[in-house]
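Scroll down for the structure; my scribbles are underneath it.
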Amino acid sequence: MTTSPPASALAHPAPVLSLRVPTDEDAYHWHRVFADPEVMEFHGGRPAELSVYQELTARQRRHDAELGYCLWTVTDEAGEVVGFTGAQPWPHAHFGPVGAIEIGWRLARTAWGRGYATAAARTTLDRLRAAGVPSVVAMVKERNTRSLAVVERLGMRHAETFALPDGAERGRRYELAL
């Protein structure tokens, strides 16, 4: 009698990625890989100044030192920086899940469609569990079908749909107990 392999065995193997605490130099890498307007479509629509990434990488180093997690730099199998994934306290005080830990990712256009976001997010969830984080949220713009697919693959539960502060778009909040 022959049996079929489990569905998970038929899937492509997870990509080989590394996650590390961002360095000063990573601000330059993030600035370069996120200079693509397509990558920034759901993050303000245009590339940010280098100073934004310098502040962001510095804040992530503080988060890692104080909390044990952050938005980590993601490198591919060749050691190239392809973006970030990780978690941080929800950064907005005027809306959203204030006090929650938000999981997120942003990858270079060249890294899309290769399973990187899901693989890196799964590693993030493992690290958050180890750090004792009880739950996470993901805040995703409703039109961002790629990120919506990732939250579904992670098994996150859709908790609410809401109007974004600008009133022009809607977002979805997903939750996952760890």
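The values are calculated or read from the model by the stated rules, or taken from the named source; none is laboratory data. Because the structure is a prediction, the values reported are computed rather than measured. In this analysis, Cβ positions are derived from the backbone assuming ideal geometry, glycine residues included, and neighbour counts consider all displayed protein chains. These accessible areas exclude ligands, DNA and RNA; they are computed on the full protein's heavy atoms, side chains included. Shrake-Rupley method; radii C 1.70, N 1.55, O 1.52, S 1.80 Å.
Observations on the model:
- Search result, residues across the stretch 130-169 that are over 21 Å from Pro89 (Cα atoms) and open to solvent by 30 Å² or more (accessible area, probe 1.4 Å): Glu142, Arg143, Thr145, Arg146, Ala149, Glu152, Arg153, Asp166, Gly167, Ala168, Glu169
- So Leu56, is it open to solvent by less than 80 Å² (accessible area, probe 1.4 Å) and either in contact with a Leu (Cβ under 6 Å, 6 or more places away or on another chain) or under 24 Å from Arg122 (Cβ atoms) (or both): yes
- Residue match in the stretch 150-169 (condition: within 11 Å of the chain's Cα centre (by Cα), of a type outside the set (Phe, Trp, Tyr) and closer than 22 Å to Gly45 by Cα): yes
- Among the residues of the stretch 74-104, those identified as under 27 Å from Ala163 (Cβ atoms), surrounded by fewer than 19 Cβ atoms within 10 Å (Cβ to Cβ) and among the aliphatic types (A, V, I, L, M) are Ala93, Val98, Ala100.
- Among the residues listed as Ala87, Ala120, Ala48, the single one being under 16 Å from Pro22 (Cβ atoms) and at pLDDT below 95: Ala48
- Check on Tyr69, under 21 Å from Val150 (Cβ atoms) and either open to solvent by 10 Å² or more (accessible area, probe 1.4 Å) or of a type in the set (Lys, Arg) (or both): yes
- Of all residues making up the stretch 157-178, the number that are farther than 16 Å from Asn144 by Cα and among the small types (Gly, Ala, Ser): 3
- In the stretch 106-129, residue most open to solvent (accessible area, probe 1.4 Å) [restricted to those that are in contact with a Phe, Trp or Tyr (Cβ under 7 Å, 6 or more places away or on another chain) and not small (Gly, Ala, Ser)]: Arg127
- Complete set of residues in the stretch 161-178 that are under 25 Å from Leu128 (Cβ atoms) and either aromatic (Phe, Trp, Tyr) or in contact with a Phe, Trp or Tyr (Cβ under 9 Å, 6 or more places away or on another chain) (or both): Phe162, Gly171, Arg172, Arg173, Tyr174
- Taking the listed residues Ala111, Ala117, the one that is under 23 Å from Met156 (Cβ atoms) and within 12 Å of the chain's Cα centre (by Cα) is Ala117, with no other qualifying.
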